[in-house]
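Asker: Okay, here's the structure, questions in a sec.
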Amino acid sequence: MRYRTIFVALLAGASLAACAAGPDYVAPVPSVPAQQDFIGTARSTAVTAQAPEGDWWRLYDDPVLDRLVEDALSANTDVRVAVARIERARASLRGARSDRLPATTIGAGATYGRVPAAQSLPGVDRERRTVDGGIEISYEVDLFGRVSRGIEAATGDWQAAREDADAVRVTVVADTVRAYVEAAANARRIAVARSTIDLLDRSLRITGVRAERGLADNLDVIRLRQLRDQQAAEIPPLLAEREGALFRLATLTGRTPSELPGYAAARQDTPKVAQPIPVGDGRELLARRPDVRAAERRLAADTARIGIATADLYPRISFGASAGSTAVGATDLFGGGALRWLVGPLLSWAFPNQEAIRARIGQSRADAAADLASFDGTVLQALEETETALTRYRNALLRQESLEQARNAAARAAKASLARQRVGRIDFLTVLDAQRTQASADLDYAESEAAVALAQVDLFRALGGRWETAR
């Protein structure tokens, strides 16, 4: 009868172990329609609805940029911090999984001492050596899923840390490409400014000769020199911006500014993507964005923590056993009289006052509700950032197209004005105005090239990426 009772109890415990406390996690469905194509996809031929690839920076077809991105992914300090947090979360997961195994403790000790005469029997040596050793084993029966829910929570934390690391990689790669683009674009703007200065220098020499011959006024020379100096004043700020971008590029790739290799600053023109950018659709975006995936994993972890708190409402049952020996002198340690052992169950239950436990359950439910709201907000933000980036990219391209036409027209006007001035058909002020317009148009177009390139980087950042091999 006794063994039958034990068997029934074990069978009941096994059936209860299959029922973990707390809600089972169900992945949330975005509360917004995200299956359709982006609004910006239908409005621009510069993007396509094809799914983007993770290594988006390779669309620039620039080996130097590829190398710098690889350096950033391997040496950037923010990436290293994110990877360390993954390892920390992985260690916590190993700790949670270890709760499924029995806990063992081995102890041993030896003492030498003397007891008072009043506590010593006649004829017994008052000085003695005592040796003790033993082993203890305990195992918690996971009747209500406290251990399994703990593993679920630790797994969610680990997966969220991996997604956070991917989000850091997205940011680091985008910042690296942006710094490279800014350095190259500023080099292009500097070259345009210097070309304009060369043009004005030639005009200044011609006008000076004409003034010496009495064919032009000295005031024309002064005005032309003023325009030339104004254009020269544009170069120092551009140099400062270029050097700042290169210094930032060095930091992003894990270098000091003096350690940045020379090839990183070799490019003198603005990088361009020569094909329509693949952007996919809303569903693919949410599956690809690491911040969305991290928010979902945090929700899963905090949902499991509801189960951990709920399991404390019920009894916690453990089985333990110990064996050891305590002897006076090492020779008696393994004798039969020195041996001891015990085995038995241990029940722990916070009852009937469970208000503190229910308060923890309420806190866990509130955390899960906040995670759900955060997930919905992250989804909305992902869609907003992508649509905004698409709109800015489209309008940057439209602006560049208009500025290109304006630049070409200004160049033709400046060339025609010089030709007419030589034959005396127009005055110098008209020529000066045409050259000023051309200089402004050239610089505006160079700036529009930079704006387009930076809008591309912002779009790629919004689209996210994946780095499965780096996990």
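Asker: Relative to the longest principal Cα axis of the chain, at what angle does helix 77-98 sit, 0 to 90 degrees, rounded to 10?
Answerer: 20 degrees
Asker: Pairs of Cα atoms under 8 Å, at least six residues apart: use those to get the relative contact order of the stretch 289-422, whole percent. Mind showing how you got there, number by number?
Answerer: Details: 96 pairs, mean separation 41.6, N = 134.
Relative contact order for the stretch 289-422 comes out at 31 percent.
Asker: If you don't mind, another one. How many angstrom lie between the Cα centre of the stretch 252-268 and the Cα centre of the stretch 50-79?
Answerer: After rounding, the separation between the Cα centres reads 15 Å.
Asker: Here's another thing I want to ask about it. So if each residue of separation counts as 0.36 nm, and I subtract the Cα-Cα distance between residue 420 and residue 104, what length gain in nm does that give?
Answerer: Values: separation 316, 0.36 × 316 = 113.76 nm, distance 9.91 nm.
So the chain would gain 103.9 nm between residue 420 and residue 104.
Asker: Still on this structure: Starting from the coordinates of the alpha-carbon atoms of the stretch 256-306, obtain the Kirkwood hydrodynamic radius over all distinct pairs and give the value in Å to one decimal. Numbers along the way, then the final one.
Answerer: Details: mean 1/r = 0.0637 Å⁻¹.
Evaluated on the stretch 256-306, it is 15.7 Å.
Asker: Give me 25, 263, 445 sorted ascending by neighbouring Cβ count inside 10 Å, so fewest comes first. Display every interim value, and only then the final one.
Answerer: Values: 25 19, 263 11, 445 22.
By the 10 Å Cβ count, ascending, the order reads 263, 25, 445.
Asker: What relative contact order, as a whole-number percentage, does the stretch 194-242 give when Cα pairs under 8 Å and 6 or more residues apart are counted? Walk me through the intermediate numbers first.
Answerer: Working: 24 pairs, mean separation 20.6, N = 49.
Answer for the stretch 194-242 is 42 percent.
Asker: Relative to the present Cα-Cα distance, how much length would full extension add between residue 218 and residue 49 at 0.36 nm per residue of separation? Could the numbers behind the result be given before it?
Answerer: Values: separation 169, 0.36 × 169 = 60.84 nm, distance 6.10 nm.
Extra length available between residue 218 and residue 49 comes to 54.7 nm.
Asker: So if we plug the beta-carbon distance of residue 409 and residue 374 into 1/(1 + (r/R0)^6) with R0 = 56 Å, what FRET efficiency do we get, rounded to 0.05?
Answerer: Working: r = 52 Å, r/R0 = 0.92.
Once rounded, the FRET efficiency stands at 0.60.
Asker: State the extension gain, in nm to one decimal, for the chain segment bounded by residue 263 and residue 112, taking 0.36 nm per residue of separation less the distance between their alpha-carbons. It would help to have the intermediate numbers written out before the result.
Answerer: On the way: separation 151, 0.36 × 151 = 54.36 nm, distance 7.35 nm.
Result for the pair: 47.0 nm of gain on full extension.
Asker: Can you tell me the convex hull volume per residue for the stretch 168-232, based on C-alpha atoms, in Å³ to the nearest whole number? Could the numbers behind the result be given before it?
Answerer: Working: hull volume 3.6 nm³, N = 65.
It comes to 55 Å³ per residue, whole-number rounded.
Asker: I'd like the Karplus ³J(HN,Hα) series for the stretch 310-318: coefficients 6.51, -1.76, 1.60, θ = phi - 60°, whole numbers in Hz, and an x wherever there's a Gly or Pro.
Answerer: Once rounded to whole Hz, the list reads 5, 4, 6, 5, 10, x, 10, 10, 10.
Asker: For residue 50, enumerate residues with amide H under 5 Å from its amide H, sequence gap 5+ or separate chain, H modeled in the peptide plane.
Answerer: It is 279, 280, by chain and number.
Asker: Rounded to the nearest 500 deg cm²/dmol, what is the calculated helix-only ellipticity per residue at 222 nm for the chain, with -39500 (n - 2.57) per DSSP H run of length n ≥ 4?
Answerer: Mean residue ellipticity, 222 nm, calculated: -22000 deg cm²/dmol.
Asker: A further question follows. Go through 312-320, 434-442 and give me the packing order, highest mean Cβ count within 10 Å leading.
Answerer: Working: 312-320: 16.4, 434-442: 21.0.
By packing density, highest mean first, the sequence is 434-442, 312-320.
Asker: Compute the Rg to Rh ratio over the stretch 140-209 from the alpha carbon atoms, using the Kirkwood formula for Rh, and round to two decimal places.
Answerer: Checking Rg against Rh, the ratio lands at 1.70.
Asker: Rounded to the nearest 20 debye, what is the charge dipole size of the stretch 271-331 about its Cα centre when +1 sits on each Lys and Arg Cβ and -1 on each Asp and Glu Cβ? Could you put the intermediate results ahead of the total?
Answerer: On the way: 9 positive and 6 negative charges, 46 e Å.
It comes to approximately 220 debye.
Asker: I'd like the orientation of helix 428-463 relative to the chain: the angle between its Cα long axis and the longest Cα principal axis, in ° from 0 to 90, rounded to 10.
Answerer: Tilt relative to the chain: about 20 degrees.
Here, each number is a calculation from the coordinates, and none is a lab measurement. Nothing here was measured: the structure is a model prediction, and the numbers come from that model. Every residue, glycine among them, receives a Cβ derived from its backbone with ideal geometry; neighbour counts consider all protein chains shown.
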